[in-house]
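Since the structure comes first, as structure tokens, the remarks are kept for the end.
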Amino acid sequence: MSLKLNGYHNAKLSGQNGTSTNGHANKITDPDIGHRYTYEVLVETVDFIKSRVPFEPVVGIICGSGLGSLAECLTSPIEISYTTIPNFPQSTVKGHAGSLVFGHLSGLPTVCMKGRFHYYEGYPLWKCCMPVRVMKLLGVTHLIITNAAGGLNPKFKVGDIMFVNDHINIMGFAGNNPLQGPNDERFGPRFPPMNQAYNRTIINLAKKVAKEIGLADRVHEGVYTCLGGPNFETVAELNMLKMLGKKTIVLCAQFSKWTLTI
């Protein structure tokens, strides 16, 4: 299984040429375009990391809120603080340590991301998803995204695990998407399909393992609904989501998914 990333064209361009209704050539301006991560900028970031890690990870794990201890499962860990990595954003949320941890998990070279970036912190979506593109360039082919989320299904219990089989981008209805802007084909296609965004084989394998270790009654499948935060939802909003039949809500975790296809 392969992982493909979608991203932006050379951000050093000032914009695209367009034509106005009066026939004069205009530039389509984007206040962030000069700051977007180009392929070349990410290569600089990756080269820095490679100079400190003697192997290429094939598995990437994004540790969600309160799940940073997942990185402690790695053997012979190498930890690199975000503050030392060129071009890397900084984590500001409590419970997100702000470092990449490299090591081996069950013999597989792995990188854990302790602390991700959220839209409600003030980061644009393309910056929130930057680490996923870095992981791809490092060699990651399989990505596991974890987070804490609120559940709408009354049968769910605190601590249960839900495997995501699809999502609804509520924010996307308003035009918020990390893939907006010029496209660089080295990251992926301009219009990536989302009909098979979640790998069925991996979901089935995870459910099989859960059954083997006695957690079958604590795991579920469901659809994520992505919301912006940082405020929680109103009663009316929750009732609307229930009418849609969604099992879980989440603040800003799924944008990383839109920058990759597993």
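For this structure, a couple of remarks:
- Share antiparallel - DSSP beta bridges, segment 93-227, percent rounded to 5: 45
- Taking 37 °C and 0.692 mPa s as conditions, segment 49-166 diffuses translationally at an estimated 218 µm²/s according to Stokes-Einstein applied to its Kirkwood radius (Cα pairs).
- Cα centroid separation, segment 139-183 to segment 43-98 (Å): 21
Coordinate-derived values only; no laboratory data. All of these numbers come straight from a predicted model, not from anything done at the bench.
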